[in-house]
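See structure below.
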Amino acid sequence: MHKLLITLILTICMAGCATEERYKKELNSWIGRPESELIRQKGVPNGIYKLDGNKYLTYQYQNISSYNGKVKFFHCDTTYVIENKVVIDWSFKGNACKM
């Protein structure tokens, strides 16, 4: 029980340190980098589509958590815009887009 409590406290503290601003900073670091590098680091995207000469790579994160009988769904969809095989922009949506 003691180990479980310590783990829970550490998890809450770490989650409290994660911010959307840090996530945006991470995403901005991809601007100007090659699509191939993105795929090497992030893996195969969950979705790929093309529109008006650009390619869109979408990565999805999902997690379900349960505590005291309450279930919470966490998700983050992050899309990178690729032009000429280079990341030019990004967008995200969800309640777990933090770093």
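The values are calculated or read from the model by the stated rules, or taken from the named source; none is laboratory data. This structure is a prediction, so every number in the text was calculated from the model and none was measured. Ideal geometry is used to build each Cβ from the backbone, glycine not excepted, and the neighbour counts take in all protein chains shown.
Could you please find all residues in the stretch 10-22 being at pLDDT 65 or above, assigned to a helix (DSSP H, G or I) and hydrophobic (A, V, I, L, M, F, W, C)?
Of the residues in the stretch 10-22, the ones at pLDDT 65 or above are 17-22.
Next, from what is left, pick out any that are assigned to a helix (DSSP H, G or I): 17, 20-22.
Matches in the stretch 10-22: C17 only.
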Scanning the stretch 54-70 for residues that are in contact with a strand residue (DSSP E or B) (Cβ under 9 Å, 6 or more places away or on another chain) and free of Cβ contacts under 8 Å to residues at least 12 places away in the same chain, the one farthest from P34 (Cα to Cα) turns out to be S66
**Item:** Residue match in the stretch 49-59 (condition: within 18 Å of A96 (Cβ to Cβ), polar (S, T, N, Q), assigned to a strand (DSSP E or B) and at pLDDT 95 or above)
**Value:** yes
Considering the stretch 60-95, residues that are modelled with pLDDT of 95 or more and outside any strand (DSSP E or B), and then whichever is nearest to E26 (Cα to Cα), we arrive at K85
Only one of (1) in a helix (DSSP H, G or I); (2) in contact with an Asp or Glu (Cβ under 9 Å, 6 or more places away or on another chain) does not apply to K25, and that is (2)
